[in-house]
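For reference, the structure is listed below as C-alpha coordinates.
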Amino acid sequence: MKYVFMTDSSCDMSVKQVEEAGVKVLPMEFQIDDKYYQHYPDCRMMSLEEFYTAMKNGAMPKTTQINYMSFKNYFEPYLKAGKDVLYTSIASGLSGTYDTCMIAVKELEEEYPQRKIVVVDSRCDSAGLGLLVYLAGREYKKGVTIEELEQFLVETRDNIAHWFVVDDLDQLKRGGRISAVSATFGKALQIKPLISCDETGKLVSVGKIRGKSNVTPTLEKYVKRDAIDPKKNIAFVAHAANPEGAKELKKAVKGIFKEVQICEIGPVIGSHVGIGMLAVVFKGKRNPVS
(Lines give C-alpha, C1' and ligand atoms only; values in the text may rest on other atoms or scores of the structure.)
Protein backbone atom coordinates (compact mmCIF):
# COMPACT_ATOMS: atom_id res chain seq x y z
CA MET A 1 0.00 0.00 0.00
CA LYS A 2 1.34 3.43 -0.96
CA TYR A 3 -0.24 5.17 2.02
CA VAL A 4 -0.95 4.52 5.69
CA PHE A 5 -4.41 4.79 7.27
CA MET A 6 -4.50 6.29 10.78
CA THR A 7 -6.92 7.29 13.52
CA ASP A 8 -6.62 7.99 17.27
CA SER A 9 -7.39 5.96 20.36
CA SER A 10 -10.62 7.79 21.10
CA CYS A 11 -12.06 5.31 18.56
CA ASP A 12 -12.41 2.67 21.33
CA MET A 13 -11.71 -0.18 18.91
CA SER A 14 -10.46 -3.51 20.21
CA VAL A 15 -7.11 -4.89 19.12
CA LYS A 16 -8.92 -7.35 16.87
CA GLN A 17 -10.99 -4.62 15.24
CA VAL A 18 -7.85 -2.53 14.67
CA GLU A 19 -6.12 -5.47 13.00
CA GLU A 20 -9.14 -6.20 10.82
CA ALA A 21 -9.27 -2.56 9.68
CA GLY A 22 -5.53 -2.36 9.01
CA VAL A 23 -5.44 1.03 10.73
CA LYS A 24 -2.66 2.61 12.79
CA VAL A 25 -3.99 4.04 16.07
CA LEU A 26 -2.30 7.08 17.57
CA PRO A 27 -2.32 7.04 21.39
CA MET A 28 -4.06 9.77 23.37
CA GLU A 29 -3.04 10.88 26.84
CA PHE A 30 -4.91 10.83 30.13
CA GLN A 31 -3.92 11.75 33.67
CA ILE A 32 -4.76 10.11 37.00
CA ASP A 33 -3.34 11.28 40.33
CA ASP A 34 -0.65 13.45 38.70
CA LYS A 35 0.57 10.55 36.56
CA TYR A 36 0.29 10.59 32.78
CA TYR A 37 -0.57 7.58 30.62
CA GLN A 38 -1.05 7.02 26.94
CA HIS A 39 -4.00 4.94 25.87
CA TYR A 40 -3.48 2.36 23.13
CA PRO A 41 -5.99 -0.28 21.95
CA ASP A 42 -4.05 -2.94 23.88
CA CYS A 43 -4.16 -0.80 27.07
CA ARG A 44 -0.43 -1.37 27.58
CA MET A 45 0.03 1.44 30.10
CA MET A 46 -3.11 0.91 32.16
CA SER A 47 -5.80 -1.73 31.80
CA LEU A 48 -9.42 -0.68 31.57
CA GLU A 49 -10.11 -2.61 34.77
CA GLU A 50 -7.48 -0.54 36.57
CA PHE A 51 -8.80 2.67 35.06
CA TYR A 52 -12.43 2.15 36.07
CA THR A 53 -11.43 0.82 39.49
CA ALA A 54 -9.53 4.06 40.05
CA MET A 55 -12.67 6.00 39.10
CA LYS A 56 -14.78 3.92 41.47
CA ASN A 57 -12.29 4.82 44.20
CA GLY A 58 -12.72 8.53 43.56
CA ALA A 59 -10.06 9.32 40.95
CA MET A 60 -10.96 12.16 38.60
CA PRO A 61 -9.05 11.54 35.36
CA LYS A 62 -8.26 14.26 32.87
CA THR A 63 -7.55 13.97 29.16
CA THR A 64 -5.51 15.94 26.65
CA GLN A 65 -5.57 16.10 22.87
CA ILE A 66 -2.65 14.94 20.74
CA ASN A 67 -0.20 17.82 20.55
CA TYR A 68 1.44 19.38 17.51
CA MET A 69 4.85 17.74 17.94
CA SER A 70 3.33 14.31 18.46
CA PHE A 71 1.53 14.57 15.14
CA LYS A 72 4.79 15.46 13.43
CA ASN A 73 6.54 12.54 15.09
CA TYR A 74 3.77 10.10 14.11
CA PHE A 75 3.50 11.20 10.49
CA GLU A 76 7.08 11.99 9.54
CA PRO A 77 8.58 8.45 9.50
CA TYR A 78 6.01 7.39 6.90
CA LEU A 79 6.57 10.50 4.80
CA LYS A 80 10.32 9.92 4.91
CA ALA A 81 9.74 6.34 3.78
CA GLY A 82 7.87 7.59 0.72
CA LYS A 83 4.34 6.87 1.94
CA ASP A 84 1.35 9.21 1.99
CA VAL A 85 -0.82 9.54 5.13
CA LEU A 86 -4.58 9.57 5.69
CA TYR A 87 -5.66 10.35 9.26
CA THR A 88 -9.24 10.60 10.49
CA SER A 89 -9.64 12.32 13.85
CA ILE A 90 -12.03 12.45 16.75
CA ALA A 91 -14.83 14.91 15.95
CA SER A 92 -13.83 18.57 15.86
CA GLY A 93 -17.06 19.30 17.73
CA LEU A 94 -15.72 17.40 20.73
CA SER A 95 -11.96 18.03 20.64
CA GLY A 96 -9.38 20.44 19.26
CA THR A 97 -7.31 17.51 17.98
CA TYR A 98 -8.29 18.09 14.34
CA ASP A 99 -7.22 21.75 14.42
CA THR A 100 -3.92 20.91 16.09
CA CYS A 101 -3.26 18.23 13.51
CA MET A 102 -3.80 20.68 10.67
CA ILE A 103 -1.10 22.97 12.07
CA ALA A 104 1.39 20.11 12.00
CA VAL A 105 0.24 19.06 8.53
CA LYS A 106 0.83 22.52 7.09
CA GLU A 107 4.45 22.40 8.21
CA LEU A 108 4.97 18.83 7.03
CA GLU A 109 3.55 19.64 3.61
CA GLU A 110 6.23 22.29 3.22
CA GLU A 111 8.94 19.83 4.23
CA TYR A 112 7.59 16.97 2.07
CA PRO A 113 5.93 18.64 -0.92
CA GLN A 114 6.01 15.40 -2.91
CA ARG A 115 3.89 13.55 -0.35
CA LYS A 116 0.14 13.74 0.29
CA ILE A 117 -1.31 14.17 3.79
CA VAL A 118 -5.09 13.87 4.04
CA VAL A 119 -6.91 14.67 7.30
CA VAL A 120 -10.61 13.92 7.66
CA ASP A 121 -12.70 15.26 10.55
CA SER A 122 -14.74 12.17 11.39
CA ARG A 123 -17.58 14.12 13.04
CA CYS A 124 -17.88 10.94 15.12
CA ASP A 125 -17.08 10.08 18.72
CA SER A 126 -15.91 7.00 20.60
CA ALA A 127 -17.30 3.81 19.08
CA GLY A 128 -18.91 5.93 16.36
CA LEU A 129 -15.43 6.84 15.18
CA GLY A 130 -14.49 3.20 15.63
CA LEU A 131 -17.32 2.03 13.38
CA LEU A 132 -16.47 4.62 10.71
CA VAL A 133 -12.83 3.51 10.76
CA TYR A 134 -13.78 -0.17 10.74
CA LEU A 135 -15.95 0.29 7.65
CA ALA A 136 -13.28 2.40 5.97
CA GLY A 137 -10.70 -0.25 6.84
CA ARG A 138 -12.58 -2.76 4.71
CA GLU A 139 -12.18 -0.41 1.76
CA TYR A 140 -8.54 0.25 2.62
CA LYS A 141 -7.78 -3.46 2.57
CA LYS A 142 -9.39 -3.75 -0.85
CA GLY A 143 -6.64 -1.48 -2.13
CA VAL A 144 -8.60 1.72 -2.80
CA THR A 145 -6.60 4.89 -3.47
CA ILE A 146 -6.10 7.53 -0.79
CA GLU A 147 -8.56 9.78 -2.67
CA GLU A 148 -11.15 7.01 -2.75
CA LEU A 149 -10.78 6.31 0.96
CA GLU A 150 -11.10 10.02 1.75
CA GLN A 151 -14.29 10.12 -0.32
CA PHE A 152 -15.66 7.06 1.50
CA LEU A 153 -15.01 8.64 4.91
CA VAL A 154 -16.60 11.95 3.94
CA GLU A 155 -19.66 10.26 2.44
CA THR A 156 -20.12 7.88 5.37
CA ARG A 157 -19.33 10.00 8.44
CA ASP A 158 -22.68 11.81 8.58
CA ASN A 159 -24.51 8.49 8.42
CA ILE A 160 -23.02 7.06 11.61
CA ALA A 161 -25.82 7.24 14.17
CA HIS A 162 -24.81 7.58 17.83
CA TRP A 163 -27.00 6.76 20.82
CA PHE A 164 -25.50 6.86 24.33
CA VAL A 165 -26.99 6.41 27.78
CA VAL A 166 -24.96 7.81 30.68
CA ASP A 167 -25.24 6.12 34.05
CA ASP A 168 -22.76 8.07 36.21
CA LEU A 169 -24.42 11.42 36.95
CA ASP A 170 -21.69 12.28 39.45
CA GLN A 171 -19.12 12.20 36.66
CA LEU A 172 -21.27 14.50 34.54
CA LYS A 173 -21.55 16.82 37.53
CA ARG A 174 -17.77 16.87 38.04
CA GLY A 175 -17.28 17.62 34.37
CA GLY A 176 -19.71 20.53 34.53
CA ARG A 177 -22.26 18.89 32.23
CA ILE A 178 -25.04 19.02 34.81
CA SER A 179 -25.58 20.79 38.12
CA ALA A 180 -25.17 19.21 41.55
CA VAL A 181 -28.92 19.55 42.10
CA SER A 182 -29.71 17.80 38.82
CA ALA A 183 -27.31 15.00 39.68
CA THR A 184 -28.88 14.48 43.11
CA PHE A 185 -32.46 14.42 41.83
CA GLY A 186 -31.47 12.35 38.81
CA LYS A 187 -29.95 9.66 40.99
CA ALA A 188 -32.92 9.64 43.32
CA LEU A 189 -35.36 9.23 40.43
CA GLN A 190 -33.09 6.80 38.54
CA ILE A 191 -32.95 9.18 35.56
CA LYS A 192 -30.30 8.52 32.93
CA PRO A 193 -29.44 11.10 30.24
CA LEU A 194 -29.90 10.04 26.62
CA ILE A 195 -27.18 11.53 24.41
CA SER A 196 -26.64 11.71 20.68
CA CYS A 197 -24.32 13.63 18.32
CA ASP A 198 -25.02 16.69 16.22
CA GLU A 199 -23.61 17.26 12.74
CA THR A 200 -20.18 18.29 14.11
CA GLY A 201 -19.89 15.35 16.49
CA LYS A 202 -20.68 17.40 19.57
CA LEU A 203 -22.50 15.40 22.25
CA VAL A 204 -26.01 16.68 22.83
CA SER A 205 -28.54 15.68 25.47
CA VAL A 206 -31.75 14.69 23.73
CA GLY A 207 -33.81 13.06 26.45
CA LYS A 208 -34.03 11.21 29.74
CA ILE A 209 -34.62 7.58 30.53
CA ARG A 210 -36.16 6.68 33.85
CA GLY A 211 -35.10 3.35 35.30
CA LYS A 212 -32.46 0.84 34.27
CA SER A 213 -35.05 -1.49 32.77
CA ASN A 214 -35.96 1.10 30.14
CA VAL A 215 -32.43 1.62 28.78
CA THR A 216 -32.26 -1.27 26.32
CA PRO A 217 -35.83 -0.87 24.99
CA THR A 218 -35.19 2.85 24.39
CA LEU A 219 -31.96 2.26 22.47
CA GLU A 220 -33.60 -0.55 20.50
CA LYS A 221 -36.37 1.85 19.51
CA TYR A 222 -33.92 4.33 17.97
CA VAL A 223 -32.04 1.56 16.21
CA LYS A 224 -35.25 0.40 14.53
CA ARG A 225 -36.21 3.97 13.67
CA ASP A 226 -32.90 5.21 12.25
CA ALA A 227 -30.90 2.25 10.88
CA ILE A 228 -30.17 2.14 7.13
CA ASP A 229 -30.22 -1.33 5.50
CA PRO A 230 -29.39 -2.98 8.85
CA LYS A 231 -29.41 -6.50 7.41
CA LYS A 232 -26.45 -5.47 5.26
CA ASN A 233 -24.57 -3.60 7.97
CA ILE A 234 -22.75 -3.95 11.28
CA ALA A 235 -23.41 -2.23 14.60
CA PHE A 236 -21.11 -1.63 17.54
CA VAL A 237 -22.39 -1.89 21.10
CA ALA A 238 -20.03 -0.09 23.48
CA HIS A 239 -19.84 0.10 27.24
CA ALA A 240 -17.86 1.64 30.08
CA ALA A 241 -17.34 -1.14 32.64
CA ASN A 242 -20.87 -2.37 31.95
CA PRO A 243 -20.45 -5.77 30.26
CA GLU A 244 -23.80 -7.12 31.37
CA GLY A 245 -25.62 -4.11 29.93
CA ALA A 246 -23.70 -4.53 26.68
CA LYS A 247 -24.65 -8.21 26.44
CA GLU A 248 -28.30 -7.38 27.01
CA LEU A 249 -28.26 -4.64 24.39
CA LYS A 250 -26.45 -6.84 21.87
CA LYS A 251 -29.05 -9.57 22.39
CA ALA A 252 -31.83 -7.05 21.78
CA VAL A 253 -30.45 -5.68 18.48
CA LYS A 254 -28.52 -8.61 17.00
CA GLY A 255 -31.53 -9.75 14.99
CA ILE A 256 -31.76 -6.32 13.37
CA PHE A 257 -28.22 -6.17 11.94
CA LYS A 258 -26.05 -8.44 9.85
CA GLU A 259 -23.53 -8.40 12.70
CA VAL A 260 -23.10 -6.80 16.13
CA GLN A 261 -19.75 -6.40 17.87
CA ILE A 262 -19.04 -5.27 21.43
CA CYS A 263 -16.27 -2.82 22.27
CA GLU A 264 -15.19 -1.11 25.48
CA ILE A 265 -15.06 2.61 26.16
CA GLY A 266 -11.49 3.64 26.95
CA PRO A 267 -10.09 6.38 29.20
CA VAL A 268 -10.30 9.15 26.58
CA ILE A 269 -14.10 9.06 26.52
CA GLY A 270 -14.63 7.21 29.81
CA SER A 271 -13.05 10.08 31.75
CA HIS A 272 -15.97 12.27 30.73
CA VAL A 273 -18.96 9.92 30.64
CA GLY A 274 -18.12 7.76 33.64
CA ILE A 275 -18.80 4.18 34.64
CA GLY A 276 -21.84 2.39 33.25
CA MET A 277 -22.24 4.21 29.95
CA LEU A 278 -23.92 2.13 27.26
CA ALA A 279 -24.01 2.94 23.55
CA VAL A 280 -25.05 1.64 20.19
CA VAL A 281 -23.66 3.06 16.94
CA PHE A 282 -24.64 2.02 13.46
CA LYS A 283 -25.03 3.19 9.88
CA GLY A 284 -28.19 5.24 9.93
CA LYS A 285 -29.79 8.64 10.00
CA ARG A 286 -27.91 11.00 12.30
CA ASN A 287 -30.97 12.36 14.02
CA PRO A 288 -30.20 13.78 17.50
CA VAL A 289 -33.87 14.18 18.36
CA SER A 290 -35.61 11.76 20.66
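The values are calculated or read from the model by the stated rules, or taken from the named source; none is laboratory data. In this text, all values refer to a predicted model and were calculated from it rather than measured experimentally. Please note: Cβ atoms are built from the backbone with ideal geometry, for glycine as well, and neighbour counts cover all protein chains shown. Note: accessible area is taken over every heavy atom of the protein model, side chains too, but ligands, DNA and RNA are not part of it. Shrake-Rupley method; radii C 1.70, N 1.55, O 1.52, S 1.80 Å.
Structure data summary
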| item | result |
| --- | --- |
| Accessible area expressed per residue, the chain, with surrounding protein chains retained (probe 1.4 Å, Å²) | 46 Å² |
| Anisotropy class of the stretch 76-168 from Cα gyration tensor, a/c 1.5 cut | oblate |
| Protein accessible area in the chain, 1.4 Å probe - carbon and sulfur % | 49 percent |
| Of Val223, His239, Gly266, farthest towards positive along the dipole that unit charges on Lys, Arg, Asp, Glu beta carbons give the stretch 203-271 | Val223 |
| Electrostatic dipole magnitude of the stretch 1-155 [Cβ: Lys, Arg +1; Asp, Glu -1; Cα centre; debye, to 20] | 300 debye |
| Shape call, the stretch 235-283: gyration tensor on alpha carbons, a/c limit 1.5 | prolate |
| Debye, to nearest 20: dipole size of the chain, +1 on Lys, Arg Cβ, -1 on Asp, Glu Cβ | 1080 debye |
| Fluctuation leader among Val215, Val144, Val260 - the chain, Gaussian network, Cα springs under 10 angstrom | Val144 |
| Top of Ser271, Ser70, Ser89 by mean-square fluctuation, Gaussian network on the chain, Cα under 10 Å | Ser70 |
| Reachable lysines, given that their alpha-carbon falls under 23 Å from the alpha-carbon of Lys212 and they are not under 8 places away in the same chain | Lys56, Lys173, Lys187, Lys192, Lys221, Lys224, Lys247, Lys250, Lys251, Lys254 |
| Relative pair counts by distance (%), Cα atoms of the chain, 10 Å bins | 7, 29, 36, 21, 7, 1, 0 |
| Environment charge of Val154, counting only residues whose C-beta is closer than 12 Å and scoring Lys/Arg +1, Asp/Glu -1 | -4 |
| Alpha carbon centroid spacing (whole Å) that separates the stretch 120-171 from the stretch 1-62 | 17 Å |
| CD proxy at 222 nm, helix term only [per DSSP H run n ≥ 4: -39500 (n - 2.57); per residue of the chain; nearest 500] | -12000 deg cm²/dmol |
| Protection proxy ranking of 235-242, 114-121, 33-40 - average other beta-carbon atoms within 10 Å, highest first | 235-242, 114-121, 33-40 |
| Cα shape, the stretch 188-290, gyration tensor, a/c 1.5 rule | rounded |
